[in-house]
Amino acid sequence: MSDREFVGARLQLARSFNQVTLTKLAETVSVSFGLLGHYENGLRKQPADDLVAALARALKVEPRFFFEPLPDVWQEAECSFRRRAATPEGVKKRARAHGTLIGLVVRELANHVRFPEYRIPSIEARSLDEIEQAAETCRLNWELGFGPIPHVGRVAERNGVILVQRLRHADKIDAFSRRGPFSVVVLNTARTSTSRWIFDIAHELGHFVLHDGLATGSKETEEQANYFAAAFLLSPKAFAREFRSRQFSWTLVFDLKRRWFVSASAIIRRAYNLGLLDPILYRRCYQHMSVQGWLKSEPYEPEFAGPEWLPSAFQLAAKRFNLTAAALCDRLYLTPEMFSDVTGLPVATDRPAITKPRIVKR
Amino acid sequence: MTQTWLPWNDYPGLTRERLLIVGDIIRDARGEAADDHRPDKYETNWSLGVRGYERTCGAISWSVQEHPWLSVVSGAGGGPVHFVMTIGGHPVRFYRGEPDEIPARYQQPSLPEVVELQRALAIDSNLPEGRCLRIAIDNDATGRPSAIYLVEIDEELATPTNVYLIPELEQSGTVAEFARPIPPAEIPPVTAEAIEDAGQVTTDHKKTGSRDE
């Protein structure tokens, strides 16, 4: 491997993804903390082969992983983290590393599989009325009508956003997205609320539409994306008509939840924003939901159609180009375990199953 | 006829329009069953009753796809189990007979019904307790429904506490009032497409050298 240059950014990438501190890694591979830091920052160039092998083992990659170019690192400014204000730096770093690794996998697939065209309009909208208008424009552009949207994930994927349902070990992030050469939304599998996933996808779409090229993460941009998500999922006229069709009750709210695929709390909030609930009733509703534990886990969760494009791309690549998960692992120099952790796909290895030795009695 | 009890005041999910639609489904299914009755082929009232019951269960089970507020919690597959549906989250069973002559086996809630009743109460604590709901189908001499009622029963006393005559949908004159809600958007599944000349494209790392080098 001495013919190729060690890429420190790749060491940092694998370390961040595996959530290993520099100190811990240095201890594991028996070198000084400072030396590892130098390799990461490019101040020292070529580590010894045995150190590279040890780093690879510790970080679940192949040694060659550290000697490839790293074309598209996800930068902080490009990413939108849902619940970003409360997100620790380490968790954000790990999420970005995960994104970068997904990018490597997608880049490899992109040589064989055509991506859906990116068709998300960029709309400048700051006031609530403008955001409402932007959500309506998106519905019209994507030919969704004004009724419920049963598969918001499909809407995102059909319009050029890759959906990955694999954000692990990060309960401080609901979802995050990045707009770049590949626009991706990563959902948190640690959360089990399907209505929340649906809202998360709509929220990230809101960032794509409203905050193209702008920094996100402030309270203002998060609220704008939230408002967009509610306006997009619950079209004002149709929703208001159905909300008003009957006297307010929790049965009505859960009927609407089943029909519109949106959480009861989002329905209550939307009804309040549209002036269908007065402030006193709104506060009482939230108090009731809190007492019932519905703010953490609601009944009647809708079915959720998970990501479709990425699994279908993997399937196609394997069938048509023999680019199986194992072959992708080889090309990207990832161990099957690491590949599974990044993509959520199992990797079939050619190794024979280890069986217990049998003691033969004579 | 002036109706003294309006179910939606006590059970918000049991709106007038929903009851009209369910009543219409039952009326159609049982009317067709009566049309197909062949006494000349030695069919009896028993076979007419079974046909009417099975067709009613089937018609309601199929209508679930069209009406998101309607669901079947027990008996969707037919057979000797209690048929329990929910209308707007409220469990309801149906029987043939007068509203004030409730057959003994319909006087108490069945197990799937109890589960649904508890779920409905957990969501809305203002619902009446100790009550269950039945649809009573009163037939004429030919086996066709002459009147359909929603009956609220006191579980302990096994007597009707409230009765609502479900009007016929066509004669109610209010169909336009509840124009059908906008249907959900139809979004076809997303599938990946191959790039035809994929073999000629090279990845970044292939350009710089492959693993086998």
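None of the figures in this text is laboratory data; all of them are computed from the coordinates on show. Everything quoted here is computed from the prediction, not taken from an experiment. So basically every Cβ, Gly included, is an ideal-geometry build from the backbone, and we count neighbours across all protein chains shown.
A cut-off under 12 angstrom between Cβ atoms defines the neighbours of A:R270, and their net charge, with Lys, Arg +1 and Asp, Glu -1, is 0. Averaged over the residues of A:62-68, the number of partner chain Cβ atoms lying within 10 Å of the residue Cβ comes to 2. Remark: A:S235, A:S297 ranked as A:S297, A:S235, counting other beta-carbon atoms within 10 Å and listing the fewest first. Comparing the stretch A:49-153 with the 2.2 N^0.38 Å rule of thumb, its C-alpha radius of gyration ratio is 1.55 (two decimals). DSSP beta bridges fully contained in chain A are about 60 percent antiparallel.
Cβ crowding within 10 Å ranks A:D49, B:D154 as A:D49, B:D154, fewest other Cβ atoms first.
Loop-resident GluC sites (Glu not before Pro) (DSSP state other than H, G, I, E or B) in the stretch A:268-347 with no more than 13 further Cβ atoms inside 10 Å of their Cβ: A:E303. For A:I280 and A:R114, a Förster radius of 41 Å and the Cβ-Cβ distance give a FRET efficiency of 0.15, rounded to the nearest 0.05.
Within the same chain, aspartates and glutamates fewer than 8 places from A:K319 are excluded, and of the rest, those with a Cα less than 19 Å from its Cα are A:E108, A:E308, A:D330, A:D350, B:E193, B:E196, B:D197. Peptide A:107-116 shows a mean partner chain C-beta count of 5 within 10 Å per residue C-beta.
Cα centroid separation, the stretch A:1-71 to the stretch A:117-140: 44 Å. Return the FRET efficiency for the residue pair A:R241, B:W46: r is the Cβ-Cβ distance, R0 is 51 Å, and the value is rounded to the nearest 0.05. Calculated value: 0.60. Taking a ≥ b ≥ c as the square roots of the eigenvalues of the Cα gyration tensor, the stretch A:8-67 is rounded, since a/c falls below 1.5. Packing, as the average of other Cβ atoms within 10 Å across residues, places the peptides A:174-182, A:59-67 in the order A:174-182, A:59-67, highest first. Applying the criteria of a DSSP loop state and at most 14 other Cβ atoms within 10 Å to the trypsin sites (Lys or Arg not before Pro) of the stretch A:253-312 yields A:K296. With N the number of residues in the protein assembly as shown, Rg(Cα) / (2.2 N^0.38 Å) evaluates to 1.24. Please work out the C-alpha center-to-center distance from the stretch A:262-294 to the stretch B:47-72 and express it in whole Å. Cα centres, the stretch A:262-294 to the stretch B:47-72: 35 Å.
For the options A:E204, A:E136, A:E89, a Gaussian network treatment of chain A with springs between C-alpha atoms closer than 10 Å singles out A:E89 as fluctuating the most. Could you give P(r) for the stretch B:7-171, binned at 5 Å from zero, as whole percent values over all Cα-Cα pairs? Per 5 Å bin, starting at zero, the Cα-Cα P(r) for the stretch B:7-171 comes out as 1, 9, 18, 22, 23, 15, 7, 3, 1, 0, 0 percent. By the beta-carbon count within 10 Å of each Cβ, the least crowded to most crowded order of A:D255, A:D3, fewest first, is A:D3, A:D255.
Cross-link check: pairs A:K93/A:K296; A:K93/A:K219; A:K219/A:K257; A:K92/A:K257; A:K93/A:K237; A:K219/A:K296 evaluated at a Cα-Cα cut-off of 30 Å; pairs beyond the cut-off: A:K92/A:K257; A:K93/A:K237.
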